[in-house]
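Working notes, structure below.
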Amino acid sequence: MSEIAGQTAALRSGATAVVHESYSFACMRCGHGWEQSYEIEHHTDADGHEFVIYVADQQVVPSPLSRPACQNCDGHVVRIMRAGQVSSVRDAAHRHQHRAPQAGPVEVPEVPEVPAQAEERHHWQLSDLLHPFHHRKAS
């Protein structure tokens, strides 16, 4: 095991360039979302072939673009997005989770009592509604 760690350390020390990339991930199976930043180290082997090593949290990891796995359910149907997508959704959800203010006593306006005569209102018929149109003169 120490041989592998030594080889990894030797590889990492020979980087020709280091690029920092961050990605957002969303699992299509369980809905879990997370973000991860990577140091992408560019190397050249003894034969002159270029290769890259992905490093996350000081650990050499597989490329997140090859076969990402959900940190929550280990599912492999994972959507990869640009950095900040998960945090912006979480921030928006947090802003919308405001609590309703506590209600105080509710005051109901007084409604005047309706006299019995007023309750006997005219019941409208369709002919009553159409009446104004029947008396219109054609010009």
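Selection of region 13-27 for residues being free of Cβ contacts under 8 Å to residues at least 60 places away in the same chain and under 11 Å from Pro68 (Cβ atoms) yields only Cys27. When region 55-74 is limited to residues that are open to solvent by less than 40 Å² (accessible area, probe 1.4 Å) and in a strand (DSSP E or B), the one that is farthest from Gly14 (Cα to Cα) turns out to be Ala56.
Considering the conditions (1) on the phi > 0 side of the Ramachandran plot; (2) at pLDDT 90 or above; (3) not β-branched (Val, Ile, Thr), Gly84 is excluded by exactly one of them, (2).
Would you pick out the residues in region 34-49 that are in a strand (DSSP E or B), of a type in the set (D, E, K, R) and farther than 14 Å from Ala15 by Cα? Scanning region 34-49 gives a single hit, Glu35.
Scanning region 26-54 for residues that are touching a Lys or Arg at 6+ places or on another chain (Cβ under 7 Å) and open to solvent by less than 70 Å² (accessible area, probe 1.4 Å) turns up Ala26, Glu41, Ile53. With respect to the stated conditions, Thr16 is open to solvent by 60 Å² or more (accessible area, probe 1.4 Å), at pLDDT below 90, in contact with a strand residue (DSSP E or B) (Cβ under 6 Å, 6 or more places away or on another chain) and of a type outside the set (Asp, Glu).
The values are calculated or read from the model by the stated rules, or taken from the named source; none is laboratory data. Nothing here was measured: the structure is a model prediction, and the numbers come from that model. Every residue, glycine as well, gets a Cβ built from its backbone with ideal geometry; the counts of neighbours run over all protein chains shown. Keep in mind that these areas ignore ligands, DNA and RNA; they rest on the heavy atoms of the full protein, side chains included. Shrake-Rupley method; radii C 1.70, N 1.55, O 1.52, S 1.80 Å.
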